[in-house]
Structures are given as structure tokens and as C-alpha cells.
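Enquirer: Attaching a single structure in C-alpha cells format; questions to follow.
The values are calculated or read from the model by the stated rules, or taken from the named source; none is laboratory data. Model, not experiment: these values are computed from the prediction. Because the Cβ atoms are built from the backbone with ideal geometry, glycine has one as well, and the counts that use them run over all protein chains shown. Calculation scope for accessible area: heavy atoms of the full protein, side chains included, ligands and nucleic acids excluded. Shrake-Rupley method; radii C 1.70, N 1.55, O 1.52, S 1.80 Å.
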Number of protein chains: 2
Amino acid sequence: MVNETQHTCSASSSSKSDGGSSSGSESSKDSSRCSTPVLDTDRHERLREKMRRRLDSGDRWFSLEFFPPRTANAAVNLISRFDRMAAGGPLFIDVTWHPAGDPASDKETSSMIIANTAVNYCGLETILHMTCCNQTKDDITVNLQKAKRLGLKNIMALRGDPIGEEWEEEADGFNYAVDLVKHIRNEFDDYFDVCVAGYPKGHPEAESYEADLRRLKEKVLAGADFIITQLFFRSETFLKFMKDCQAIGITCPIIPGIFPIQGYHSLRQLVKLSKLEVPQEIKDVIEPIKDNDAAIRNYGVELAVSMCRELLDSGMVHGLHFYTLNREVATTEVLKRLGLWNEDPRRPLPWAVSAHPKRRVEDVRPIFWASRPKSYIYRTQEWDDFPNGRWGNSSSPAFGELKDYYLFYLKSKSPREELLKMWGEELTGEESVFEVFTCYITGEPNKNGHKVTCMPWNDDPLATETNLLKEQLEKVNRRGILTINSQPNINGKPSTDPIVGWGPSGGYVFQKAYLEFFTSSEIVTALLKVLKKYELRVNYHIVNVKGQNITNAPDLQPNAVTWGIFPGREIIQPTVVDPVSFLSWKDEAFALWIEQWAKLYEEESPSRMIIQYIHDNYYLVNLVDNDFPLENCLWQVVDDTFELLN
Amino acid sequence: MVNETQHTCSASSSSKSDGGSSSGSESSKDSSRCSTPVLDTDRHERLREKMRRRLDSGDRWFSLEFFPPRTANAAVNLISRFDRMAAGGPLFIDVTWHPAGDPASDKETSSMIIANTAVNYCGLETILHMTCCNQTKDDITVNLQKAKRLGLKNIMALRGDPIGEEWEEEADGFNYAVDLVKHIRNEFDDYFDVCVAGYPKGHPEAESYEADLRRLKEKVLAGADFIITQLFFRSETFLKFMKDCQAIGITCPIIPGIFPIQGYHSLRQLVKLSKLEVPQEIKDVIEPIKDNDAAIRNYGVELAVSMCRELLDSGMVHGLHFYTLNREVATTEVLKRLGLWNEDPRRPLPWAVSAHPKRRVEDVRPIFWASRPKSYIYRTQEWDDFPNGRWGNSSSPAFGELKDYYLFYLKSKSPREELLKMWGEELTGEESVFEVFTCYITGEPNKNGHKVTCMPWNDDPLATETNLLKEQLEKVNRRGILTINSQPNINGKPSTDPIVGWGPSGGYVFQKAYLEFFTSSEIVTALLKVLKKYELRVNYHIVNVKGQNITNAPDLQPNAVTWGIFPGREIIQPTVVDPVSFLSWKDEAFALWIEQWAKLYEEESPSRMIIQYIHDNYYLVNLVDNDFPLENCLWQVVDDTFELLN
């Protein structure tokens, strides 16, 4: 798939594939050193370029609109929804601006912070809405600066709905979206991609449909890159609007806003807000079933699917924008039926990338945070450079500390009561801890009949890849090798492999076997004796909470444990075991015993003291089997250790 | 072999293997990003550190002394000798300073240029001698600055032999080696490793043996790092000297100078120059056989071997320094008999490294110069940065031009007459050129009974690795696919493999199949049609002398074609196919047709016009088969091409 991943460096121009045109001897003077082994063009394009590329290639796409939640708990849930819906492959999401909700603040429910989380922690291309309501010019500039600092690259510029019945003049502010667009372009030049709203039926306050079209053209001329429309109920409405736009010379992309009807009340509310009229044929269907949510949703899905099909079939529409109302089911259903939901999301890298522009080149991470990518992103958010091609390359500073385990985007999805059910209302000894680990691995319910679906080090059930090791993991956890991270060795599987594959197709991926666990000092003593036999083969790092550190790794050199070989590129080695970052991870891994587990129990309670004992006395161990073409020897290492102990 | 390759980065100290000592939480703040994936500790140590490490580990070593040749031709031969003797693994070589030979000049026979060539082009750790003769202080400073600029890191500081019978005072200069040592330390601080001479029998001009020992101690106190001795004929002489040195407090390494007697006249000359006396028992053997060179050499080898054994057996000697007299046989023989000659030289990288300090981190090169490493080094000599870990990383400028194909260190070892015998006194058409290529591949003699042992693009016989492809190469060359570079695909052979292995042991090496050749535009037209079938699998670059360039490679991205996976490190990818450097190589590869081949013939002669025609009309093609785990498809590509043509 050579062309799929082409990318132009700044020093390009001359030597690209040109089927025989003269590139001359001049080109030989160019430097050939592109700074990034571009794996995923999307990471390197701005939104309007992505749209353009989709249009050129005829690929259809979708996007999703969300509003900021009201409560912190709802924010946790929304972030999980972002993660799940990201899997379907939206081109972008957008987050609305709620003037009443302190939208630019650092609250976990603010528009700004939700958008920040989507970009940085969920890796989603994100548009932040911004309205003129209740903001002076200076407020707006400050808020745009903040958005830029957080890594947001796209703004939907709106006037906003009037707070009362009618729009009131903003002193020192703007009264029209076009002025906000101009302001963004004046103050931030071409930094942001700017989106504006289009009204297929004309804006309710406009003198006329034609006058509103002229307004829209003004917004585009002022610097808007594309248009998203207000919802509508008939495909003809949009198609006529689009033709009218083109007729008056609007050439930028116009994306229809799709509203799958999900319930009687939400429809009424939205219609009231947007001053739209629901067509009689829809009312006729809905009114009789208004108390039957499921029936209304089914109808809404049907209606949306058929309208979307008409739009796509017209040949004028390539992308669809969904008003999700922060719900998942209806929109996902529509997308799946349209064939737009990505059923086989290819991973560009083995870990979840962040969409912050400064992390564009990031393609190497320590394996330790594999199950806690948001924590890794949080702890490296102040870095100016990200490793590109090799971990050894980055001149980045140290890891930030993770003091606040309760930031909503790092927080466990499960409440305290559920965690207690999973991890034990009352622990009776180290063995009851072994059992929690074992139940997490096997998926079997614990003594009290509760499944253990998360652990302090991993908020999700076992990864599919880890499932490959399930049997062995179960065995060792039962014996007090408390595993928190592992991967099997892979000796060249296709990059399209559904379980271990990543990166562009046509490549081969490799892994060294990895095992990371907590265990007692008795076991460590035996383990160290056994490891002498494996000196040439196994690299290890063993550390306790005080930082006493035992390793046989060549000083400070990272060990690449996941890498991929692709057509026409340098080698990508996205995961490393790195001796120094391990010591940062160690602090976090040990703290999670206390922060997530011990603190579930009363102070001084036996349960809490058991966890505290483990925290104080156990070691964190990682093992790498360097001989990836041979059978993984790490299980043998563990067996030998127990044999020595008996 | 984890420990074999350990290396300490500047930011190290805390997290190294320490068997349990506290490395504390401080260490977690260190940056873990070492700038180099250290493959070969030797490249990162200065000479005195290498000696120290050998002493600590009990490894024995040897070094070789050469003098600058008198003629340009002799210089070419000496450089070939360097390359051959480098294979035996000397710790260093040294090049003497010949005041009469314009030693600091840019002449190809000067001490400075020979030492420069040894360091930069042969990758040898090199000591440049420097004497006080005929030089002012300022001359010496200028010459040391030049040496430093050229990448020389070690100086042997000598007073030098008097030009007449007795030493004449140097005005504005130095009269004692100790003053030269002090000067080096004053002007260049610790930059150079400094060696001084020791005289096991005392310097001939010294008042006494004891006075000379005191002189030696002064030289060491002035900053010398180690001592190499004058030759001697009995091991007792050296061992006594060494004990006497230790007795007066000389603690630095003292390396015995070994002189294998190679002929009657050279012995007499050396003895005269060094004012040594040959012991009677040696004279008694030699005088009767003085006209029998072979007998004297055999005796000399015997004598040297037994003396060296005595020295090594004493436990006081770990390294031996050989006065080679620029000859190869006797010294090599002695070293082989002592077991010091490295019979299985492990390659740190698949290509010959340079020993210039600024190239220490270099570990990636384009494959194109694989058979012309000296030309590559020459054309990148002005670079300030060298690619480290990834080709994409280097911020280095463009390649320098290669205008002077007659620089002695780039020159063919074969004279014109021999080249004509190999490549044809008279060419009759393109087919006679095909035949030259074919004979080079097969090793069979050409029509006139001469073996073709070199080509313009390769001054040496076919590499062992290329021999693996011999049969296929023969077939395609016969048909006008004129191959100049190739490698087989390798899917994970041990790094110790005698043919394709490189790097530390315990690793695995990989290669993508590569084929580079000149061919006619007719064949290129068919080839391009065939390549469409292999679009996802084969990357190609096809260019003619005018720079018309056809490729399917992702813009400007290098394709890694040789890489290695080693215990406890990042991945090393030392060879890439890089689109832009290919255009620099193209200029060189086409020019070699003219510079090395066409110019053998009279202007306007038919032979010359045939080569000129090929130069003007053929294309240079390179092909990479990205599917390294499968059978190499490049032969099938060529077969398909010929099938299409028929």
C-alpha cells in the first residue's frame, strides 16, 4: 500500500514518483532525511487536508457531535464513550460550547476540558465550538490561546443562541459569527481550521433564505474552511441548500448535520431550540408511539439511514456529521447500517496515540504504561520533544509526577462499591490478593461470585493478546507472581494480524516476550539465582518501593520489545523496556496499590494492612526474553524459580 | 554477551547493575535517553582506555608500525595492506614521521596523509609520530591542529634522530621529547593520547641507563599515557627494563617493540640507525645464510615467536608492538603462531567503519556505496553530524562531489594494463561488456584467459555473501542486467553467522533482498510493466544519467534493508536504500563508466564509444523485495521481464 502512506517532507518536491519527468541533478543536493518515519498520514495532516484527501480518494467518512456533561461522573462516562466510539473511526468529533457551563474553565465538565481530553487522551481529532455569547474580544483571544496551548487545532465559530428570547448586543464583543471568524484569522493567522454553521432552511432570525446564504458566503470569505449544517429532516432540503451555496460561489466542503431521532422529548426540545418544524409525515408516525422509546429509536434509525443513503447516493455528499446527544446506540447503529463504522480498525501503532500536534512524531513509548496510556500522556504532557524513531533520540526531560490519581480522565470507571466486590470486602492474607489477580486473568467469578474486570493497573478486561498467555498467567498468579503486564513473543506476523498487527499493510511485526509482576522478596531471591542461568538470554529489572534496583541491562540502553518492518520505510520500534523510565513507572505502579486498593479500606483495618505490607515489601520485576525466534523461556524461568524454592 | 558491550552514558551512574544497592528515587529524574545504541565499545573509547580495558580483562593484543612510502604507487599498496592487516585486529597502528618526506604536507606519501587514510578510510586506531626535528614550536602547533582536524587522536612524541651525526639545537623549537609532550598538553590539554619511546638498553646518547630511565619518567610525568620501546633482541632485556621502570615509579603501560628479522640488509640498516648491537648468537646464525632471504625470514619468525612467548609468559606483558617495515608476511606469521591474529573478525556493523571521532555515532549508511566505502567516507567528510540509529535523523548536508577519482586511497589497485586485460583491449559491442560483468561474477577467465577480479564499481572480488547469489547473477548478467550490487534476503540468522552476521553475539540479523544494475531502456520499459504486478512488494528506483527518475517509493523515506535485533538494545538498521542519496550515487556510478573504463581507450575509438553509449543510454536500477520472509522475488521479476520482451 505504498501510496496509502505517502507523505511529503519539507525538502521534497524533486525526487517523488513522477513517472519519468526530469528531476535533474539539483535534487541530489537536497537532504533526504525526513524527520519522521511516517506511518499514518492522518497524524500529519490538518483536518481540512484530511477532508480534502477523503474527497479526492472518494472515501466516505463521518463525524460526531457531543456536548459537555453536567457532572464529573458523567464526564468519566463520556470519556469512555469517546474511547469506544473512536474505534469506529470518526474523522473528528466536536464539543459544543455551553456559555452557562463555564466553558473555558478548568472544570472537568467544561467544553474546553472535554475537548482537551478528547484530543490528548483519546487521540481524537476534535473541533471546539466557540460562541460570541457573554465574551469580550479579549476573553475570546484568551480562550483561543488556551485552546491552542491544549493542542486544539479546530474551532467551530458561532454566534450562539440568545440567552433570552432575543440576541442582545455584546459590548466589546462580537454579534456575528463572521466577526469571530475574522478575529480568529487576525489573531491566529492560519493556525486553526475554522468551521462555520450553515442553515439549510435559513437561520431563523435571518430576513430571508437568500440573505442567510449571503451571510454564509461572508463567513467563508472571512476564512472559514468548511461548513457543518443544522439538522434537517429531508435529504432534498440539504441537497437544494448545497446547490444554492454552490450557485453563489461557496466552494468549501459542506457537511450535512444528521439527527437520528432517539426519543420524543429530545426531539421536541431540539426542535424548539433550533426553531425548526418537524414535517407532518414524521409527526404522524411519532405521536402515536411517543411513550415507546424503543419504537421511536428504531424509527429514528430507519429514517436517518434512508436519508443518509439518499445524501450519499446523490454523489454530492462524502461526509456525514451526527448529532449524537451524547448517546451511542442510535448513531452507531446508523453508521453500521451505512457501512461507515470501521469494523476492523487498523492500529497505526500498538498503543493509543494522542492527537496533540506536538505529539505528531511520537512513535516510541516504554511498555510499562501499556495499560495506562492516559497516565503516560499526562506525565509527559510538559515534554517539548517526543521520541521519533528511537527512544534514545529524545532530549525530553523527566517524567512528571502522578500525584492526582483522581483526575477524571485517569479515574476508574467503577465506583468504590464495585471495586470492593471485585477485589474483596475483606482480605485475609496475601493469598486473597493472589486470588484477585488470578480471577482477573481467568475471567472466573471470585469466591463471592463477582467477576474481576479491572485491576488498579488496568481499568479494562484482559487484552486479546494477553489472552494468548492466559493459561500460564493463571498458573503463576496463583503462586504469587502477580502479573500486571505481559506480551508474547512474535516472530514476524503480518502487520494485518487481527490480534498483534499494527501499522500499514504489507509489513511484519515482531515482539520479544515480556513479563512484569510484583512478587515477594523470597521469590526474588530464588529468581535471581535462576536468572544467572539465563544471563545471555533474559534481561531483567527488579526494584522495590524504596528504589533498590537490580538489573543486568547494559547501562541506560533501552531494549526494543516491539518492532515492525514495513515496505519502503525505516524500522519502527514503538515499544521499549527502558531502565530509567522504569524507575518512574515503579513509583506509579507501587502507589496504585495504596491509591486504588488500600484506600478502599478503613485505616488500620487488616485488609488495608495486607495491601500496605505488599506495597512495602514486594518487588516489581520485569523480564525480557531476547531470543524472540525461540519458544518463550520466561515461563521456564518462573518454573525453575519455584522448583528452587521447594 | 551483555557485559561485553556495556557502555556508560554521561547521564548514567545510578541505574546500572549493582546487585541491590540503593539507586534511590533521584535516579528516576535522570534522562534515560542515551544518544547512541552502543554496539561496539571500542568505537567510543580512547586508546588508553582500550588498553586499560584489555589489561583489566586479561585480553592480549598487538599493534603495528608502518613508515610512509616513497611513491604514490607504494601508497596505494600500503593502504591495501592496512585493509588486509586490519582484519587481524590490531589495537592500533602507528605511522612514523619522516622529516625528509615533508611529513605534514598533503602529499599522498606524507606521514600526515598516510595516518589520515588509516584512520578515516581504513578505520584503524592510529598513532601519528611527531618529532622535534626541523620544526619550530609554531610549526608543531599548526601540525598538531591539522592532525586533530583530520581525526587523529594519538601522538607519539619523539625528539627524532639527528639529521647529521649529532643533534643540532632547534631554534624556537624543542630539543627533548619531554618538551614536546609538555607542549602537547599545554596546547591541547587532554585531547591527544600521548605515547613516548622507551629504550630497554638506554638511549644511545644518554649519559647512562639510569639517567635515561629518569628521562623516561620525566616524559611520563609531563603527560605521556604509555610507552612503546625500541626493539631489542632478548626478552630479558625488556623484562629487566620494565622492572627498572616500575622501581622508579613508572606505572603507565610499557609496550615492547618487536622486530621480526626479515632480511640481512634491513637488519643491518636498522641496527645502524638505532645504534643497537646484534647479539653474537644471532649473528652466528645469520651470517652464513645472509643471501638466503627465505631462510633468514624463517629464522626471524622463529626468534620473534619464542621471544614473544617469553614476554607473554612472564605475565608482565599484554600487548606487543611490531616493527613491520611495511611488510606483511613475517609479522602476520608471528601473530598467527602466537594466536594473536584474529581469525574470525566479528564485524561491528555490516560495513567498514571509520575511526574519525566525529563518526563515532555513525551507524547507518546507504547501501549504494557498499563496495566503495572509501568513496562514501570521502564524500561525507565535511558532514558535522552522522546518522545515529536512523538515517532519517541526521541533519547532515548534501554529499560532496567526487571529482577526483584518482585520489590514491580511492584508486584501483590494478594498473591500466591489467584493467585492459580484464575488461577487454577492444570491445566489439554491448555484449562484450555483458561478458566482462559475467566473468567477474563467475570467476571464470575471459576469452583471452584473464580473470576479471575487479570492476569499476568494485575493486575487490565478489563478496562471500554475493556468492550466495552467484548462479542467478550469472544468468541475468549474460542477458544485459549488469549487476553492481546485491544482497540476499535473510530472515533472522544468528549475529555470529560467518557470512552475513555482524554486531554483538546473541542477536539476529535480517536483510531485504536487494539488486542494483545498469540496463538498457528497452529492458527498463518491459521491467516497469512487470513491476506493476509487484507494486505492493517491490520498491524500485530507476534513473538515467540525466537524472530522469522513476520510483514507487514513498517520498523521501529511506527503506531499511539490513537490520539487527540484539539483547537489551534498540534495533540497529545499518543499511538503507534512500531515494535522495541514490541520486548522488547515480552521478558517481555513471561517472565510473567513463572515469575507470572508457578512459582506458583512445578517444573516438570504438571501445570507448561503446562505453560512452552505455553511459549515455542505460538506466541504473535498484530493486528491494520487501517480503524478506518469503523467497526472493527479484529473480522472478527479471525472468518476467525477459519473458515479456520475447
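Enquirer: B:S605 passes all but one of (1) within 14 Å of chain A (Cβ to nearest Cβ); (2) farther than 17 Å from B:L527 by Cα; which number fails?
Expert: (1)
Enquirer: Here's something else I'd like to know. Working carefully through the options B:P373, B:P387, find the one that is over 19 Å from B:I261 (Cα atoms) and either surrounded by 20 or more Cβ atoms within 10 Å (Cβ to Cβ) or over 16 Å from the mean Cα position of the chain (by Cα) (or both).
Expert: Selected residue: B:P387, the only one of B:P373, B:P387 that is over 19 Å from B:I261 (Cα atoms) and either surrounded by 20 or more Cβ atoms within 10 Å (Cβ to Cβ) or over 16 Å from the mean Cα position of the chain (by Cα) (or both).
Enquirer: Next up: Scan the range A:232-281 for residues that are assigned by the TED database to the domain that holds A:L91, open to solvent by 10 Å² or more (accessible area, probe 1.4 Å) and aliphatic (A, V, I, L, M) and jot them down.
Expert: A:L239, A:M242, A:A247, A:I248, A:I254
Enquirer: In this structure, does B:N134 turn out to be in contact with a strand residue (DSSP E or B) (Cβ under 9 Å, 6 or more places away or on another chain), more than 15 Å from B:R43 (Cα to Cα) and of a type in the set (S, T, N, Q)?
Expert: No.
Yes/no per residue for (1) at pLDDT 95 or above; (2) under 22 Å from A:R346 (Cβ atoms); (3) in contact with a helix residue (DSSP H, G or I) (Cβ under 8 Å, 6 or more places away or on another chain):
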position: A:S28; (1), (2), (3): no, no, yes
position: A:R33; (1), (2), (3): no, no, yes
position: A:D40; (1), (2), (3): no, yes, yes
position: A:L47; (1), (2), (3): yes, yes, no
position: A:A74; (1), (2), (3): no, no, no
position: A:D83; (1), (2), (3): no, yes, no
position: A:P90; (1), (2), (3): yes, yes, no
position: A:W97; (1), (2), (3): yes, no, yes
position: A:E108; (1), (2), (3): no, no, yes
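Enquirer: Mind checking whether some residue in the range B:560-583 is without any contact (Cβ under 8 Å) to a residue 24 or more places away in the chain, on the phi > 0 side of the Ramachandran plot and assigned by the TED database to the domain that holds B:K493?
Expert: no
Enquirer: So B:I227 clears everything in (1) β-branched (V, I, T); (2) in a helix (DSSP H, G or I); (3) open to solvent by less than 10 Å² (accessible area, probe 1.4 Å) except one condition, right? Which one?
Expert: With respect to (1) β-branched (V, I, T); (2) in a helix (DSSP H, G or I); (3) open to solvent by less than 10 Å² (accessible area, probe 1.4 Å), B:I227 is out only on (2).
Enquirer: Let me ask another. Collect the residues in the range A:537-551 that are of a type in the set (A, V, I, L, M, F, W, C) and more than 7 Å from chain B (Cβ to nearest Cβ), keeping them in residue-number order.
Expert: Those that are of a type in the set (A, V, I, L, M, F, W, C) and more than 7 Å from chain B (Cβ to nearest Cβ): A:V538, A:I542, A:V543, A:V545.
Enquirer: Among the residues of the range A:484-503, is any assigned to a strand (DSSP E or B) and among the aromatic types (F, W, Y)?
Expert: No.
Enquirer: Hey, among the residues in the range A:288-300 that are open to solvent by 80 Å² or more (accessible area, probe 1.4 Å) and not in a loop (DSSP other than H, G, I, E, B), which one's farthest from A:V334 (Cα to Cα)?
Expert: A:P288
Enquirer: When you scan the range A:453-464, do you find a residue that is open to solvent by 30 Å² or more (accessible area, probe 1.4 Å) and at pLDDT 90 or above, even just one?
Expert: yes
Enquirer: Looking only at helices (runs of 4 or more DSSP H) that lie completely in the range B:63-158, which have at least 3 residues being of a type outside the set (D, E, K, R) and buried (at least 24 other Cβ atoms within 10 Å of the Cβ)?
Expert: Filter on the range B:63-158 gives B:111-120.
Enquirer: Still on this model: Here's a check for you: in the range A:508-536, which residue that is within 8 Å of chain B (Cβ to nearest Cβ) and over 15 Å from A:S486 (Cα atoms) is least open to solvent (accessible area, probe 1.4 Å)?
Expert: My answer is A:Y508.
For (1) part of a helix (DSSP H, G or I); (2) modelled with pLDDT of 90 or more; (3) in contact with a Gly (Cβ under 7 Å, 6 or more places away or on another chain); (4) buried (at least 17 other Cβ atoms within 10 Å of the Cβ), each residue gets a yes or a no:
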residue	(1), (2), (3), (4)
B:S414	no, no, no, no
B:L419	yes, yes, no, yes
B:L427	no, yes, no, yes
B:V436	yes, yes, yes, yes
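Enquirer: Quick check on my filter: what residues within the range B:552-597 are outside any loop (DSSP other than H, G, I, E, B), at the interface with another protein chain (Cβ under 7 Å from one of its Cβ atoms) and open to solvent by 10 Å² or more (accessible area, probe 1.4 Å)?
Expert: B:D587
Enquirer: Taking only the range A:178-222 into account, find how many residues are under 30 Å from the mean Cα position of the chain (by Cα) and part of a helix (DSSP H, G or I).
Expert: The number of residues fulfilling the criteria is 6.
Enquirer: Now for a different question. Examine the range A:349-361 for a residue that is within 14 Å of chain B (Cβ to nearest Cβ) and in a loop (DSSP other than H, G, I, E, B), and state whether such a residue exists.
Expert: Yes; the residues of the range A:349-361 include at least one that is within 14 Å of chain B (Cβ to nearest Cβ) and in a loop (DSSP other than H, G, I, E, B).
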